[in-house]
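All remarks here apply to the structure that follows.
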């Protein structure tokens, strides 16, 4: 998955609700996890590329949840738990992002750890999504539009950086 596809999300439209976007994020992450597992006996460079895609997906997901969805959920009890879970996942993401040439075993162990943490995180976030879907007091379409705009803003910033290189 390239940056633009991750920013746009798979088949995200301009009128998708915030919860629909997050559900698609979860599907894309799980698809990338499965691809990584399929490559476990293949060349490390292929796995490293998939691991970088997973990292990119989490970075984008975390940006929209931290800046838009979680504040909109107010004092929901799961928000604090999810932010803590994001910190744990982020540690793995940073390890994978900052290591130029991880040893093959470290690449695998870090990515597998990330997937384990992500499974917990996604499961808990599904509970928050269900609560948001049940609560008619939030404009999930408006939140979704803001999430899409933030993704576009991030895409513009990345494209600007890439053009300078």
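Evaluate the stretch 86-96: report whether one residue or more is under 22 Å from residue 140 (Cβ atoms) and modelled with pLDDT of 95 or more.
Yes, there is a match, as at least one residue in the stretch 86-96 is under 22 Å from residue 140 (Cβ atoms) and modelled with pLDDT of 95 or more.
Which number in (1) under 24 Å from residue 27 (Cβ atoms); (2) modelled with pLDDT under 95 marks the one condition that residue 137 misses?
Tallying (1) under 24 Å from residue 27 (Cβ atoms); (2) modelled with pLDDT under 95, residue 137 fails exactly one: (1).
Which condition from (1) farther than 19 Å from residue 37 by Cα; (2) touching a helix residue (DSSP H, G or I) at 6+ places or on another chain (Cβ under 7 Å) is the one that residue 118 breaks?
The number of the failed condition is (1).
Exactly one of these conditions fails for residue 42: (1) part of a helix (DSSP H, G or I); (2) farther than 21 Å from residue 147 by Cβ. Give me its number.
Tallying (1) part of a helix (DSSP H, G or I); (2) farther than 21 Å from residue 147 by Cβ, residue 42 fails exactly one: (1).
Test each condition in (1) part of a helix (DSSP H, G or I); (2) in contact with a helix residue (DSSP H, G or I) (Cβ under 9 Å, 6 or more places away or on another chain) for residue 16 and report the one that comes out false.
(1)
Residue 55 fails exactly one of the following numbered conditions: (1) more than 16 Å from the chain's Cα centre (by Cα); (2) closer than 30 Å to residue 104 by Cβ. What is the number of that condition?
Among (1) more than 16 Å from the chain's Cα centre (by Cα); (2) closer than 30 Å to residue 104 by Cβ, the lone unmet condition for residue 55 is (1).
The values are calculated or read from the model by the stated rules, or taken from the named source; none is laboratory data. In this text, all values refer to a predicted model and were calculated from it rather than measured experimentally. Here the Cβ is made from the backbone with ideal geometry for all residues, glycine too, and neighbour counts use every protein chain on show.
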